[in-house]
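Asker: First, the structure itself, so that you have it in front of you.
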Amino acid sequence: MRLGVLDVGSNTVHLLVVDAHRGAHPWPAHSEKSMLRLAEQIGHDGALTSAGEDALVTAVANAQASATALGTDDLLAFATSAVRDATNAPQVLARVRRDTGVDLQVLPGADEARLTFLAVRRWFGWSAGRLLVLDIGGGSLEVAAGIDELPDVALSVPLGAGRLTRDRLKIDPADTEPPTAAVLDDLGGYVDETLDPVVTKMTRIGWERPVATSKTFRTLARLAGAPPVGAGLWVPRSLTRTGLRQVIGFIRHISPSKLAEVDGVSAGRAHQLLAGAIVAEATMRRLDVESVDICPWALREGVILRRLDQIDAR
């Protein structure tokens with residue numbers, strides 16, 4: 001069957017269309033993205049701005065039209081932390097439904113962590129043993145660990161790269177100067193403090209294979225020397241804490257506008273990379289993780305796999 005997954009994230013609205021059936025690899029048939037950076041379009045009152053809302057409606061309408069044209073049998077539409085945390089989320093969702101016909105479902109943070117964990121488990125298989133899965137999004141950090149397809153613990157905390165860039169670093173893509181050392185020290189202290197309850201809960205669980213997903217981790221791994229996308233989906237990639245520290249030492253002195261010119265860095269996310277790197281380093285350090293394997297599957301694949309499981313169970 002042909003499934004469409006519409007992921008309204010904190011950075012992008014991403015439509016992924018796959019041909020899949022139970023027990024088979026979901027093969028991508030089409031992918032399109034709109035870079036909205038919704039996490040940075042939250043006003044001082046906590047509400048998604050009018051401009052952000054308009055852009056979201058347009059992006060969802062375009063994705064829905066593409067999904068229809070491609071003959072999808074089902075469109076699974078969900079939103080993560082930017083919409084989830086917006087104070088005007090009910091009104092935004094109602095307008096999206098009214099103007100586009102798409103019933104956008106808000107995905108709780110813990111469910112986001114569970115679905116990402118499912119995707120990573122299916123990718124690496126049972127031989128991976130107990131997994132630790134880290135995922136840095138635009139609005140939140142998800143952490144999960146366990147031995148089965150459902151993790152024993154699944155947590156979500158507001159440490160997304162976009163959120164911290166907006167609230168703590170206060171930089172944008174056009175800035176020609178990097179953040180000051182004092183600003184970065186303040187961010188590091190905030191990240192460590194926010195991670196305290198995560199560390200307490202996760203260290204009781206234990207794991208055998210630490211894994212990371214998300215665009216942020218993939219970009220950091222690439223800057224640390226991992227093979228490029230062109231090397232293929234199946235090529236093993238990893239990121240060490242030593243390599244990550246070296247990357248931070250490099251990018252902290254580069255302005256967002258210049259960082260966007262670096263090979264392997266997405267221009268639309270370049271200004272968020274430093275915040276994401278600080279979260280990645282703090283999480284790995286606090287959990288005493290020396291290296292993570294990079295998994296190409298994440299939340300969207302987890303949503304697809306769960307849907308296929310549900311169809312098979314009928």
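The values are calculated or read from the model by the stated rules, or taken from the named source; none is laboratory data. Quick caveat, the model's predicted, so the values are computed rather than measured. FYI the Cβ positions are ideal-geometry reconstructions off the backbone, even for glycines, and counts take in every protein chain you see. Heavy atoms of the whole protein, side chains included, go into the accessibility calculation; ligands, DNA and RNA do not. Shrake-Rupley method; radii C 1.70, N 1.55, O 1.52, S 1.80 Å.
Asker: Is there a residue being closer than 23 Å to ARG37 by Cα and at pLDDT 95 or above anywhere in segment 222-231?
Answerer: Checking segment 222-231: at least one residue is closer than 23 Å to ARG37 by Cα and at pLDDT 95 or above.
Asker: Something else now. Right, GLY139: under 13 Å from the mean Cα position of the chain (by Cα) and assigned to a loop (DSSP other than H, G, I, E, B) or not?
Answerer: Values: under 13 Å from the mean Cα position of the chain (by Cα): yes; assigned to a loop (DSSP other than H, G, I, E, B): yes.
For GLY139, the condition - under 13 Å from the mean Cα position of the chain (by Cα) and assigned to a loop (DSSP other than H, G, I, E, B) - is met.
Asker: Being charged (D, E, K, R) and either modelled with pLDDT under 95 or open to solvent by less than 50 Å² (accessible area, probe 1.4 Å) (or both) is the filter here, so list the residues in segment 238-251 that pass it.
Answerer: The answer is ARG241, and nothing else.
Asker: Can you tell me which residue among LEU104, LEU164, LEU118, LEU134 is over 26 Å from LEU274 (Cα atoms), at pLDDT 95 or above, touching a Pro at 6+ places or on another chain (Cβ under 9 Å) and of a type outside the set (S, T, N, Q)? Explain how you work it out, then say what you get.
Answerer: Numbers: LEU104 fails: touching a Pro at 6+ places or on another chain (Cβ under 9 Å); LEU164 fails: over 26 Å from LEU274 (Cα atoms); LEU134 fails: over 26 Å from LEU274 (Cα atoms).
Exactly one of LEU104, LEU164, LEU118, LEU134 is over 26 Å from LEU274 (Cα atoms), at pLDDT 95 or above, touching a Pro at 6+ places or on another chain (Cβ under 9 Å) and of a type outside the set (S, T, N, Q), namely LEU118.
Asker: Among the listed residues GLU142, GLU149, which satisfies the condition of being open to solvent by less than 20 Å² (accessible area, probe 1.4 Å), free of Cβ contacts under 8 Å to residues at least 40 places away in the same chain and among the acidic types (Asp, Glu)?
Answerer: Numbers: GLU149 fails: open to solvent by less than 20 Å² (accessible area, probe 1.4 Å).
Of the residues listed, the single one that is open to solvent by less than 20 Å² (accessible area, probe 1.4 Å), free of Cβ contacts under 8 Å to residues at least 40 places away in the same chain and among the acidic types (Asp, Glu) is GLU142.
Asker: Specify the residue that is surrounded by the fewest Cβ atoms within 10 Å (Cβ to Cβ); the eligible residues are those in segment 186-221 that are modelled with pLDDT of 95 or more and not in a helix (DSSP H, G or I).
Answerer: Ranking the candidates gives GLU208 first.
Asker: Can you give me the number of residues within segment 13-35 that are in a strand (DSSP E or B) and either closer than 15 Å to VAL303 by Cβ or among the small types (Gly, Ala, Ser) (or both)? Spell out the reasoning first.
Answerer: Quick first cut of segment 13-35, residues in a strand (DSSP E or B) only: 13-19, 27-35.
Add one more test, that the residue is either closer than 15 Å to VAL303 by Cβ or among the small types (Gly, Ala, Ser) (or both), and what stays is 13-18, 28-29, 31, 34.
So the answer is 10.
Asker: Also, I was wondering about something else. Would you check which residues across segment 225-257 are more than 21 Å from VAL143 (Cβ to Cβ), in contact (Cβ under 8 Å) with a residue 12 or more places away in the chain and assigned to a loop (DSSP other than H, G, I, E, B) and list them?
Answerer: GLY225, ALA226, PRO228, LEU233, PRO236, ARG252, HIS253, ILE254, SER255
Asker: Could you please let me know if ASN62 is more than 27 Å from GLY23 (Cα to Cα), within 23 Å of the chain's Cα centre (by Cα), of a type outside the set (Ser, Thr, Tyr) and open to solvent by 50 Å² or more (accessible area, probe 1.4 Å)? Spell out how you get there, then give the answer.
Answerer: Details: more than 27 Å from GLY23 (Cα to Cα): yes; within 23 Å of the chain's Cα centre (by Cα): yes; of a type outside the set (Ser, Thr, Tyr): yes; open to solvent by 50 Å² or more (accessible area, probe 1.4 Å): yes.
Answer is yes for this residue.
Asker: If you don't mind, there's one more thing I want to ask. Which members of segment 56-115 meet the condition of being in contact with a Leu (Cβ under 9 Å, 6 or more places away or on another chain), under 16 Å from ARG306 (Cα atoms) and either in a helix (DSSP H, G or I) or small (Gly, Ala, Ser) (or both)?
Answerer: ALA77, ALA110, GLU112, ALA113, ARG114, LEU115
Asker: Just to check your reading of the model, which residue among ASP263, ASP293 is open to solvent by 40 Å² or more (accessible area, probe 1.4 Å) and free of Cβ contacts under 8 Å to residues at least 40 places away in the same chain? Steps first, please.
Answerer: Working: ASP293 fails: free of Cβ contacts under 8 Å to residues at least 40 places away in the same chain.
The unique qualifying residue is ASP263.
Asker: Of the conditions (1) within 20 Å of LYS215 (Cα to Cα); (2) in contact with a helix residue (DSSP H, G or I) (Cβ under 6 Å, 6 or more places away or on another chain), GLN64 fails just one. Which one is it?
Answerer: The one condition GLN64 does not meet is (1).
Asker: Let me ask something additional. Which numbered condition in (1) surrounded by fewer than 19 Cβ atoms within 10 Å (Cβ to Cβ); (2) within 13 Å of the chain's Cα centre (by Cα) is the only one that PRO90 fails?
Answerer: The failed condition is (2).
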